[in-house]
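Colleague: Shown below is the structure under consideration.
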Amino acid sequence: MTKRVAILISGGGSNMVALCESMVGDHPARPVLVASNDAAAGGLAKAAAMGIPTASVDHRPFGTDRAAFEAELLTPILAAEPDILCLAGFMRVLTPGFVGRFAGRMLNIHPSLLPKYPGLHTHRRALEAGDTEAGCTVHEVTPVLDDGPILGQARVPVLAGDTEASLAARVLVQEHHLYPAVLRRFAEGDRRPVIL
Ligand code: GRF
């Protein structure tokens, strides 16, 4: 039975594009929705161009009431009846209530080698620490930010003269390989980590 995948984005959606482009042929999943907290997110137009239904709920009118924003966002998500939820450049912290609804079937990609550098500015932190390698992690989403079971990792070298931008670009290339590989394995019911 084909798994239905909803993807949440906040920006350009390059990871969403990589995921959607991978879900073809004998892939066990298909995208059924791309939703965003920002109606101007560039990824929404990319999803629409691929014929994927989209939705957006602006988080700003809800202020600090995360649960109210999530209640609105849940409407199009639940209507799409997803089996799997993928966070892909989604920049809102989700409440335990929302996470709990998708326990065990919500994934996120984070631009560091977790458990190192949960949270923001991961590349800056790796450079400031003098790390010789960096990378990205796909993990199951749990109520603790960037902390769930690791489903995949990809490593890149940190090169002399790297800036945040050059390191981010190198990691992003690997994100686009890692996330689709993890999603396919996850959709097949296999939780063995993908190590690239
Ligand atoms: C990526 O670095 C991803 O790891 C982070 O958001 C950035 C932008 O992702 N979560 P995308 O291009 O919007 O997929």
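None of the figures in this text is laboratory data; all of them are computed from the coordinates on show. Owing to the predicted nature of the structure, the values given are computational and were not obtained by experimental measurement. Here Cβ is always computed from backbone atoms with ideal geometry, including for glycine, and neighbour counts include all displayed protein chains.
Colleague: Have a look at Ala168, Ala154 and point out the one that is free of Cβ contacts under 8 Å to residues at least 60 places away in the same chain, in contact with a helix residue (DSSP H, G or I) (Cβ under 7 Å, 6 or more places away or on another chain), within 14 Å of the ligand (Cβ to nearest atom) and assigned to a strand (DSSP E or B).
Modeller: Numbers: Ala168 fails: assigned to a strand (DSSP E or B).
Going through Ala168, Ala154 in turn, just one is free of Cβ contacts under 8 Å to residues at least 60 places away in the same chain, in contact with a helix residue (DSSP H, G or I) (Cβ under 7 Å, 6 or more places away or on another chain), within 14 Å of the ligand (Cβ to nearest atom) and assigned to a strand (DSSP E or B): Ala154.
Colleague: Sort out which residues of the stretch 143-158 are touching a Ser or Thr at 6+ places or on another chain (Cβ under 9 Å) and farther than 18 Å from Ile195 by Cβ, and write them in order of number.
Modeller: Answer for the stretch 143-158, where residues must be touching a Ser or Thr at 6+ places or on another chain (Cβ under 9 Å) and farther than 18 Å from Ile195 by Cβ: Pro143, Asp146, Val158.
Colleague: Here is a further query. Would you confirm whether any residue within the stretch 174-189 is surrounded by fewer than 20 Cβ atoms within 10 Å (Cβ to Cβ) and either in contact with a Phe, Trp or Tyr (Cβ under 6 Å, 6 or more places away or on another chain) or over 22 Å from Val24 (Cβ atoms) (or both)?
Modeller: no
Colleague: Considering (1) away from the ligand (no atom under 14 Å from the Cβ); (2) more than 23 Å from Val93 (Cα to Cα), say which one Lys46 fails and leave the rest.
Modeller: Going through (1) away from the ligand (no atom under 14 Å from the Cβ); (2) more than 23 Å from Val93 (Cα to Cα) one by one, Lys46 breaks only (1).
Colleague: Out of all the residues in the stretch 72-86, is one or more of a type outside the set (Phe, Trp, Tyr), surrounded by 16 or more Cβ atoms within 10 Å (Cβ to Cβ) and within 16 Å of the ligand (Cβ to nearest atom)?
Modeller: yes
Colleague: Looking for something closer than 18 Å to Met16 by Cβ, assigned to a strand (DSSP E or B) and in contact (Cβ under 8 Å) with a residue 12 or more places away in the chain - is there at least one such residue anywhere in the stretch 126-134?
Modeller: Residues of the stretch 126-134 that are closer than 18 Å to Met16 by Cβ, as a first pass: none.
So far as the stretch 126-134 goes, no, none of its residues is closer than 18 Å to Met16 by Cβ, assigned to a strand (DSSP E or B) and in contact (Cβ under 8 Å) with a residue 12 or more places away in the chain.
Colleague: Something else about it: In the stretch 36-55, is there at least one residue being surrounded by fewer than 16 Cβ atoms within 10 Å (Cβ to Cβ), under 18 Å from Glu81 (Cβ atoms) and touching a residue at least 12 places away in the same chain (Cβ under 8 Å)?
Modeller: Looking for residues that are surrounded by fewer than 16 Cβ atoms within 10 Å (Cβ to Cβ), under 18 Å from Glu81 (Cβ atoms) and touching a residue at least 12 places away in the same chain (Cβ under 8 Å), one finds at least one in the stretch 36-55, hence yes.
Colleague: For the stretch 74-94, give me each residue that is in contact (Cβ under 8 Å) with a residue 40 or more places away in the chain, in contact with a Lys or Arg (Cβ under 9 Å, 6 or more places away or on another chain) and either farther than 15 Å from Pro31 by Cβ or part of a loop (DSSP other than H, G, I, E, B) (or both).
Modeller: Answer for the stretch 74-94, where residues must be in contact (Cβ under 8 Å) with a residue 40 or more places away in the chain, in contact with a Lys or Arg (Cβ under 9 Å, 6 or more places away or on another chain) and either farther than 15 Å from Pro31 by Cβ or part of a loop (DSSP other than H, G, I, E, B) (or both): Ala80, Glu81, Pro82, Asp83, Arg92, Val93, Leu94.
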